[in-house]
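Structure first, commentary second.
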Amino acid sequence: LTATGGSQGVGTATTRAVINASLAVIIIDFSISAIGLATVQKV
């Protein structure tokens, strides 16, 4: 967690953190869903 360049740097760092966290949630959600669908027994 490093921000340089004053308030603009803080804004950029915050934006990157939010984007990275959002992508991580989407990827983890997709992975869990794919694993769940692959292991469900079809009736």
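The values are calculated or read from the model by the stated rules, or taken from the named source; none is laboratory data. The shown structure was predicted, so the numbers you read here are calculated from the model rather than taken from an experiment. FYI the Cβ positions are ideal-geometry reconstructions off the backbone, even for glycines, and counts take in every protein chain you see.
Here are some notes:
- Verdict on S22 being in a helix (DSSP H, G or I) and surrounded by 10 or more Cβ atoms within 10 Å (Cβ to Cβ): yes
- Screening G6 with (1) surrounded by 10 or more Cβ atoms within 10 Å (Cβ to Cβ); (2) modelled with pLDDT of 90 or more gives one miss only, at (1).
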